[in-house]
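Participant: Mind having a look at this structure? Questions to follow.
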Amino acid sequence: MAAGCSGDGDQGGRDPDRPKDLATQKLTWEACPAPTVQEGTGTAPSPLPGGAKWECSFMQAPLDHADPDGETIELALIRAKASDPAKRIGSLIFNFGGPGGSGITALPSFAGDYETLRTRYDLVSFDPRGVGRSVGVECEDDRALDAFFALDSTPDDAREEQAYQDGLKKFAAACEENSGDELAHVGTENAARDLDLMRQVLGDPKLYYFGISYGTELGGVYAHLFPKTVGRAVFDAVVDPNSTAEQGALGQARGFQLALDNFAEDCVRRGDACKLPGGSVKEIEAHVSALLAKLDKKPITGIGDRELTQSQATNGIAQALYSKEFWPYLEQGLDEADGGDGGLLLALSDSMNGRDQAGSYSNLQAANAAINCVDDKARFTVAETKAKLPEFRKASTIFGPFLGWGLISCSQWPVPGTWAHPDVSAPGSAPILVIGNTGDPATPFAGAKAMATALGKGVGVELTYEGEGHGAYNSGDACVKRAVDGYLLDGKVPPLGTVCP
């Protein structure tokens, strides 16, 4: 299943062309092709300002870093060279999160935000192991995934509970059948060791790193394993490293509820300009709850022959809360769904699940499940999950049941998990800038302080951004940009307790 050479099919085993020391391998950089279906489809990345072109390559890495001389896999990389080579510091490696997101597609999409950083860095990203072109995990086909994501994931009776469990079992069995050899090796610790190998292959004495969302967890694990080789690193939209799977899901329930509160407050402030009924946050959210209850009983027209179910609507609402820029689409989608047209909310849910308009799925959710389930040790039963639902409902009547039932998502997984939560303590590391966003729904604000503390005294430097959405640097806030650019470009660590209003 694991490839020894890109593009030539599955060679497996020991690659005769493999260097004795993988850290000395030479990469061949070529023009980037269009993203694969597993990476999310699309067109080849456009040239950057000044005509700089994106380059792509593959790096060999051990399938299992505990067996460094064993079978190898290939990891897909993308880069754009520094625009001022005379002042170049090194390679700045990005991980945009998920887990399961393709860096090959994400970096060119957001590259405009990083032009200042490109003056002194080669911008580099990659498809982590199990993702996209890097031995992407394969599970069910597109038709089966349509049915899987339409399942009632907040079951109300024994029949619905059984249907949900059967769906999870079928999904996990397909992952094992199609990617069984890789599933035990796609976890975050192996990915962190890939980062260090990548650092060496790229020729950098230190790792310069920009991690976003799950990328902060990956970066924290790297710092724990290799504190002496951390160069300048930024963690944005920070995962709480002390959270178990249950605590993380509960935190997300509260985070998405906070974001929905803020969305509803914005609607109330706009008065008649808001399309949703109700003169208060409570009334608007009661309207959303009533809509979801109706969808639980009877789905409505979605896109083509697909209907909008309660689970997909909840998923679509959550997707729209990732950025304040999506709030108008959420408002429109809720208004249209109330009138019987669920197309926009279904499109938002499709985006979250990695489905394109042609009906093809990337491997985003397959990789997400594979990485989370090999990382997280917890395996919840239905009885244990149902016992925890009251606490989840208290956190959010809308998102609580959805995220609470999600606790059983790894219960059928074919390989065991690794930890209750990762160790990110990094004594001796260079300072790491840790940015928390007060309105972040997916990685709640408290995670930044927890990460900064866990990294250790003198390592984690917390910066607060008072804003909405998932992440701070891409928000356009000038204060955040100055702080991050000042650190990455000039090594200026912001004062402890810096707040960007």
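Participant: Per the Debye formula with a single identical scatterer at each Cα and no solvent contribution, what log10 I(q)/I(0) holds for segment 192-251 at q = 0.22 Å⁻¹?
Facilitator: Evaluating at q = 0.22 Å⁻¹ gives log10 I(q)/I(0) of -0.83.
Participant: Near LYS449, which lysines are there with a Cα under 21 Å away, not counting those fewer than 8 places off in the same chain?
Facilitator: LYS457, LYS481, LYS492
Participant: May I ask which residue of THR498, TYR209, PRO68 lies farthest towards the positive end of the charge dipole of the chain, with charges of +1 (Lys, Arg) and -1 (Asp, Glu) on Cβ and the Cα centre as origin?
Facilitator: Towards the positive end, the residue furthest out is THR498.
Participant: Compute the helix-to-body angle for 158-183: its Cα long axis versus the longest principal axis of the chain, expressed 0 to 90° and rounded to tens.
Facilitator: Computed tilt is about 10 degrees.
Participant: Can you compute the charge dipole magnitude of the chain about its Cα centre, using +1 on each Lys and Arg Cβ and -1 on each Asp and Glu Cβ, nothing else charged? Give it in debye, rounded to the nearest 20.
Facilitator: In debye, rounded to 20, the chain gives about 1520.
Participant: What does the convex hull of the alpha-carbon atoms of the chain project to on average, in nm²?
Facilitator: The orientation-averaged projected area of the Cα hull of the chain comes to 22.3 nm².
Participant: For LYS298, list the lysines whose Cα falls under 26 Å from its own Cα; do not include residues on the same chain fewer than 8 positions away.
Facilitator: Result set, ordered by chain and number: LYS169, LYS170, LYS275, LYS282, LYS386, LYS394.
Participant: Could you state the angle between the C-alpha long axis of helix 478-490 and the longest principal axis of the C-alpha atoms of the chain, as a value from 0 to 90 degrees rounded to the nearest 10?
Facilitator: So the helix axis and the longest Cα principal axis differ by about 20 degrees.
Participant: Cut-off under 25 Å on the C-alpha distance; same-chain residues fewer than 8 positions from LYS26 excluded. Which lysines are left, in chain and number order?
Facilitator: Output for LYS26: LYS53, LYS81, LYS87, LYS206, LYS228.
Participant: Cα convex hull of segment 156-196: mean projected area in nm², to one decimal?
Facilitator: 4.0 nm²
Participant: Could you pull out every residue, at least 5 positions away or on a different chain, whose amide H is within less than 5 Å of the one on GLU462? Hs are placed 1.01 Å off N in the peptide plane, and Pro or chain starts have none.
Facilitator: Amide H neighbours of GLU462: VAL434, GLY497.
Participant: I would also like to ask the following. Can you give me the orientation-averaged projected area of the convex hull built on the Cα atoms of segment 247-367, in nm²? Could the numbers behind the result be given before it?
Facilitator: On the way: hull surface 31.9 nm².
Result: 8.0 nm².
Participant: Shifting gears a bit: Return one number: the angle in degrees, 0 to 90 and rounded to the nearest 10, between the long axis of the Cα atoms of helix 245-270 and the longest principal axis of the Cα atoms of the chain.
Facilitator: The helix 245-270 is inclined about 60 degrees to the chain.
Participant: Can you give the FRET efficiency to the nearest 0.05 for LYS449 and LYS492, using r as the Cβ-Cβ distance and R₀ = 30 Å?
Facilitator: The formula returns an efficiency of 0.85 here.
Participant: Moving on. With +1 on each Lys and Arg Cβ and -1 on each Asp and Glu Cβ, and nothing else charged, work out how big the dipole of segment 324-401 is about its Cα centre, in Debye to the nearest 20.
Facilitator: The calculated dipole for segment 324-401 is roughly 600 debye.
Participant: With a sphere of radius 9 Å drawn around the Cβ of LEU77, what net charge do the other residues whose Cβ falls strictly inside it have (Lys, Arg +1; Asp, Glu -1)?
Facilitator: On the way: positive: ARG79; negative: GLU55, ASP127.
Summing Lys and Arg as +1 and Asp and Glu as -1 gives -1.
Participant: Suppose R0 equals 51 Å. What FRET efficiency, 1/(1 + (r/R0)^6) with r the Cβ-Cβ distance, do ALA86 and LYS298 give to the nearest 0.05?
Facilitator: Here the calculated transfer efficiency is 0.20.
Participant: With 23 Å as the cut-off, how large is the P(r) tail for segment 131-279, expressed as percent of Cα-Cα pairs?
Facilitator: Values: 6840 of 11026 pairs.
The proportion of pairs with Cα distances above 23 Å equals 62 percent.
Participant: Between ASP272 and GLU160, what is the spin-label point distance in nm, taking each point 7 Å from the Cα along the Cα→C-beta axis?
Facilitator: 3.9 nm
Participant: If the chain between LYS282 and ASP335 were fully stretched, how many nm would it gain, using 0.36 nm times the residue separation less the Cα-Cα distance?
Facilitator: 17.4 nm
Participant: Any idea which of LEU197, ALA106, PRO401 is furthest toward the positive side of the dipole for the chain, if Lys and Arg beta-carbons carry +1 and Asp and Glu beta-carbons -1?
Facilitator: In the chain, that residue is LEU197.
Participant: Here is a further query. Taking the Cα centre of segment 187-320 as origin, sum charge times position over the Cβ atoms of Lys and Arg (+1) and Asp and Glu (-1), and report the length of that vector in debye to the nearest 20.
Facilitator: It comes to approximately 120 debye.
Participant: Sequence-distant or interchain residues sharing an amide H contact under 5 Å with ASN437, placed H: which?
Facilitator: For ASN437, the qualifying residues are ALA237, VAL238, TYR465.
Participant: Now a separate question. Please name which of MET451, LEU321, ASN262 has its Cα lying farthest along the dipole of the chain towards the positive end, using unit charges on Cβ (Lys, Arg +1; Asp, Glu -1) and the Cα centre as origin.
Facilitator: Checking the options against the dipole of the chain, the answer is MET451.
Participant: Under a plain spin-label model, where a point goes 7 Å from the Cα along Cα-to-Cβ, how far apart in nm are ARG393 and ASP181?
Facilitator: 4.8 nm
Participant: Something else about it: Find, among the trypsin sites (Lys or Arg not before Pro) in segment 229-275, those assigned to loop by DSSP (not H, G, I, E, B) with at most 16 other beta-carbon atoms within 10 angstrom.
Facilitator: Listed in order of number, the matching sites are LYS275.
Participant: Would you grab the residues whose amide H sits under 5 Å from the one on VAL230? Only those 5+ places off in sequence or on another chain, please, with H modelled 1.01 Å from N.
Facilitator: Under 5 Å from the amide H of VAL230 lie the amide H atoms of LEU207, ALA430, each far enough along the sequence or on another chain.
No value in this document is a laboratory result; all are computed from the given coordinates. Computed from a prediction, not measured in an experiment: that's the story for all the values here. In this analysis, Cβ positions are derived from the backbone assuming ideal geometry, glycine residues included, and neighbour counts consider all displayed protein chains.
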